[in-house]
Amino acid sequence: MPEETPKPEAEAKGLRYAPQPIEEKWAARWAADADLYAAEPSTSARKKYYVLEMLPYPSGVLHMGHVRNYSIGDALARQMWMRGYNVLHPMGWDAFGLPAENAAIKAKVHPRQWTLNNITHMKAQMKRLGFAYDWSTEVASCQPEYYRWNQWFFLKFYERGLAYRKKSRVNWCPECATVLANEQVVDGCCWRHEETRVEQRELEQWFLRITQYAEELLAGIEKLPHWPEKVRVMQRNWIGRSEGATVDFTLEGGPAIPVFTTRIDTIFGATSVQLAPEHPVVAELTAGDAKLRAAVGKLVEEQRKAREQGDVGLVEKHGVATGRFAVNPFNGERVAVWVANYVVMEYGTGAIMSVPAHDERDYDFAKKYGLEIRAVIEPRGPEAEKGDAQGLPYTSMDSVLVNSGEFNGLANAEATARMTQRAEQKEFGKGTVTYRLKDWGISRQRYWGTPIPMLYCGKCGIVPVPEKDLPVVLPENVDITLAGGSPLARLEDWVNTKCPKCGGAARRETDTMDTFVDSSWYFYRYTSAQNTSAPFDPAAVAYWFSIDQYIGGVEHAILHLIYSRFWTKVMRDMGMVKNSEPVERLFTQGMVIKDGAKMSKNLGNVVSPDDMIARYGADATRMYCLFASPPDRDLDWQEAGVEGVSRFLSRAYRFVMKHSGRDGRKAVSGDALTGVSTVARALERKLHQTIKRVSHDFEGRWHFNTSIAAIMELVNQLYGAEEQIAAGSVPSDRLRDLQRTLVLLLAPFAPYLAHELWEVLGEKSNLLRVPWPQYDPALAKEDEVEIAVQVNGKLRTRLTVAADSPEEAVRQLALADEKVRASLDGKQVVKAIVVPGKLVNIVVK
Ligand SMILES: [Zn+2]
Ligand SMILES: [Zn+2]
């Protein structure tokens, strides 16, 4: 250990912690070293660690939610570097999207310029915050070098039958003037415009066949144990698998009407068939009956309105009887055919059997229209003993069949299997699986997105743009208005082109892609962002994937995280990647709120990261984000808290500045056991406990609030020992080790201060590569602990015992204590509960 001379200049300057000059000095040094945070190539002998925060939309400025998200990822990246891993920690921009177009209209600036300006600004903010990103792998989805691969993927999907075009009813946001995916409709409103009701329109659209992977997407959730349970549940519900059967009810004098049901076991209770107003058979049923046609027209209208309000399920139920009948193939009974406004074409077959006794909706409908209600299942076992208190509708799956012919007496599950089998044998039905998940509509009538690389030729029909002609570059000079469909459609020069097949006239597709395409595979590009011949280098992806840790907001639990899982599976089937899932571990951080609400301009409760940096420094701002609450919970912003963290950093700074020059002092040797003084031993113990705490938090649930609290306690204890330190009770090499380790522990949370103090301690090495400190369990162990002893909840005495005393020994010691015995007063001991390290509670009576 080199002996150093005291540094008088530190004293002379005063020991006031001024974060700005320190942080600016280091920001400049880091900026000058382009390779500082670069990952080693995939040939590295180190173990790899890919940590990723979700890429932001370049809206203009970072908000506190970003700072929190990135502070978590950055702490982890830095700590993993120190633990010797080869870390990939990239950043990029989800740079296409509507706000750029809105800004273009409002501020008369081109979306490209607006976006690139925002990226420049936000990147500077990230650098000022000290986030350790490898900028050599930066990706921006609005650059042709990136989006050409969106187009390339689209062509590959098309070749594989995974991209197709169809006319469909779409969600239309009048505010965005574009189509929204089902996933982008929240309670009937646009996900961006929470006040704007989504309308329904019919348009030709491009779809990606995500439903082909529905089963695998669902099954794969079970292989993601390191994803938050709430996200797994949300994905499961979104995919929405239901098992059921289709059974043909044959229309008298007409075709078979396949009916979808999840409760074939109740089919003997079907007393009508209900058709969706848009069911193809309805036109035939109403032909020649103007009155009926008008009534059905009204139902169509009601359903359309309900759809616009976002939920057909909430429509007030109406129906009309067609006067026709269909036959239930199980019992040959004739049942009335109705048309009802609550039955939709999109679910199942657009026709249902109505079983009023065992379905809430059917029950309401039957009551309203006076239809027959017939019970065909009954409670069994203990439920049956409750008598007839069950009431209708009775929907339990734990029941037995009655009034069901030869199936009487069977339990539901058994009956379901046998009846499905019967339908298949007799060829009037079959078991089916349906999903709530729909194919992914990716066409958007907007400008600022990836052009869909397809052409329409009068002779050849739909023709893909040849791969060699990619990218189809987004033209620059476009009149952007939010009315009247796609702005690209107005660019005649661009739209009109030649057909690559026949050389004749062709028109370009003028829709652009949903921006969720961009984010479905971007993290693969980070592994080889400069690649010009493929979206990524497969060898690099084989090394880096799966992503070890992905961190972002829970609002992406469905859209982004299902789409990117789908994309990965398609790429695997194309032979491009070996992994089936993109993300091994997912962490969703809580929101940053203030005064009880999410920060928003409207509420005027936004805290600007720039302001916080100017007042307290980047370190204090970042550290506060980690200290104020565990990262998975919401964080209620309190400026007093940032101030508190800043004071702590100041204390840590002063301590090291004051004592870094005292290395030269002679130590006074202390107790016999360790060869050092009691105070030195106590400090050492605290230090090892702190290393243990912080290391465990990194490996566990990331409760960095407790990590930081532990480091604060360590600093407090150092201050508490200042007099003894000044008196030389702590050997110089131990004091030095204390300071060195304190700095290492601070490094993931407050990188600027840590680097500064590292230098103050005379260290020359790159802090990011200094091994993370190890704790010695023997040194971390408390020698003795004080135990409170209570009798019936009343404190009677305190005992000092060895920290590792077995429970039984502590119990006996407590029961044998004189004060305790006196207070027992001859009563009988019922039990003695030991809370290890804390207390013994003796219960007497
Ligand atoms: Zn909208
Ligand atoms: Zn052609």
Those strands (runs of 3 or more DSSP E) lying entirely in segment 367-461 with at least 1 residues more than 21 Å from Pro258 (Cα to Cα) and modelled with pLDDT under 95: 377-379, 399-401
Elements of type helices (runs of 4 or more DSSP H) in segment 755-842, at least 2 residues being under 26 Å from Leu683 (Cα atoms) and in contact with a Lys or Arg (Cβ under 8 Å, 6 or more places away or on another chain): 777-780
Lone unmet requirement of (1) buried (at least 18 other Cβ atoms within 10 Å of the Cβ); (2) at pLDDT 80 or above for Glu175: (1)
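Yes/no per residue for (1) buried (at least 24 other Cβ atoms within 10 Å of the Cβ); (2) over 30 Å from Val478 (Cβ atoms):
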position	(1), (2)
Ala38	no, yes
Thr43	no, yes
Glu53	yes, yes
Ser71	yes, yes
Tyr85	no, yes
Ala95	yes, no
Pro111	yes, no
Lys123	no, no
Of all residues making up segment 182-218, the number that are free of Cβ contacts under 8 Å to residues at least 60 places away in the same chain and either crowded, with 19+ Cβ neighbours inside 10 Å or within 16 Å of ligand 2 (Cβ to nearest atom) (or both): 1
One residue from Ile105, Ile119 being among the hydrophobic types (A, V, I, L, M, F, W, C), more than 16 Å from ligand 2 (Cβ to nearest atom) and at pLDDT 95 or above: Ile119
Checklist (1) more than 23 Å from Gly370 (Cβ to Cβ); (2) outside any helix (DSSP H, G or I); (3) over 41 Å from the mean Cα position of the chain (by Cα); (4) of a type in the set (A, V, I, L, M, F, W, C) applied to Val281, failing item: (2)
Restricting segment 459-471 to residues that are surrounded by 16 or more Cβ atoms within 10 Å (Cβ to Cβ) and more than 8 Å from ligand 2 (Cβ to nearest atom), the residue that is farthest from Pro144 (Cα to Cα): Pro464
Residue in segment 192-227 that is nearest to ligand 1 (Cβ to nearest atom), counting only those that are among the β-branched types (Val, Ile, Thr) and part of a loop (DSSP other than H, G, I, E, B): Thr196
Any hit, segment 615-629, residues being without any contact (Cβ under 8 Å) to a residue 60 or more places away in the chain and in a loop (DSSP other than H, G, I, E, B): no
Search result, residues across segment 511-548 that are buried (at least 22 other Cβ atoms within 10 Å of the Cβ), in contact with an Asp or Glu (Cβ under 9 Å, 6 or more places away or on another chain) and polar (S, T, N, Q): Thr515, Ser519, Thr527
Residues (of a type outside the set (A, V, I, L, M), more than 16 Å from ligand 2 (Cβ to nearest atom) and in a loop (DSSP other than H, G, I, E, B)) located in segment 472-503: Pro475, Glu476, Asn477, Asp479, Thr481, Gly484, Gly485, Ser486
Pair list, Cβ under 7 Å, 6 or more apart: segment 816-842 residue closer than 28 Å to Glu782 by Cα, other residue polar (S, T, N, Q) and surrounded by fewer than 13 Cβ atoms within 10 Å (Cβ to Cβ): none
Residue match in segment 142-163 (condition: farther than 30 Å from Pro466 by Cβ, more than 16 Å from ligand 2 (Cβ to nearest atom), within 26 Å of the chain's Cα centre (by Cα) and not in a loop (DSSP other than H, G, I, E, B)): no
Residue check for Tyr456: aromatic (Phe, Trp, Tyr) and within 16 Å of ligand 2 (Cβ to nearest atom): yes
Qualifying positions in segment 324-348 - β-branched (Val, Ile, Thr) and part of a loop (DSSP other than H, G, I, E, B): Val343, Val344
Among residues of segment 203-243, those that are closer than 30 Å to Ala177 by Cα and of a type in the set (Val, Ile, Thr), counted: 3
Residue within segment 349-363 that is acidic (Asp, Glu), part of a loop (DSSP other than H, G, I, E, B) and within 30 Å of Pro379 (Cα to Cα) present: yes
Tally, over segment 585-607, of residues that are among the small types (Gly, Ala, Ser) and either surrounded by 13 or more Cβ atoms within 10 Å (Cβ to Cβ) or in contact with a strand residue (DSSP E or B) (Cβ under 6 Å, 6 or more places away or on another chain) (or both): 1
Residue check for Phe516: part of a loop (DSSP other than H, G, I, E, B), closer than 17 Å to Trp93 by Cβ and at pLDDT 95 or above: yes
Criterion violated by Tyr435 - all others in (1) over 30 Å from Met345 (Cβ atoms); (2) surrounded by fewer than 17 Cβ atoms within 10 Å (Cβ to Cβ); (3) among the hydroxyl-bearing types (Ser, Thr, Tyr) satisfied: (1)
Neighbours by Cβ (under 9 Å, 6+ apart or cross-chain): first from segment 552-581, in contact (Cβ under 8 Å) with a residue 60 or more places away in the chain; second surrounded by 21 or more Cβ atoms within 10 Å (Cβ to Cβ) and among the acidic types (Asp, Glu): Gly552/Glu53; Tyr563/Asp514
Condition broken by Ala124, with the remaining ones in (1) in a strand (DSSP E or B); (2) without any contact (Cβ under 8 Å) to a residue 40 or more places away in the chain; (3) aliphatic (A, V, I, L, M) satisfied: (1)
Among (1) of a type in the set (D, E, K, R); (2) on the phi > 0 side of the Ramachandran plot; (3) surrounded by 13 or more Cβ atoms within 10 Å (Cβ to Cβ) - the single one Asp825 does not satisfy: (3)
Any hit, segment 493-510, residues being over 15 Å from Trp206 (Cα atoms) and polar (S, T, N, Q): yes
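The values are calculated or read from the model by the stated rules, or taken from the named source; none is laboratory data. All of these numbers come straight from a predicted model, not from anything done at the bench. Cβ: placed from backbone, ideal geometry, glycine included. Neighbour counts: every protein chain shown.
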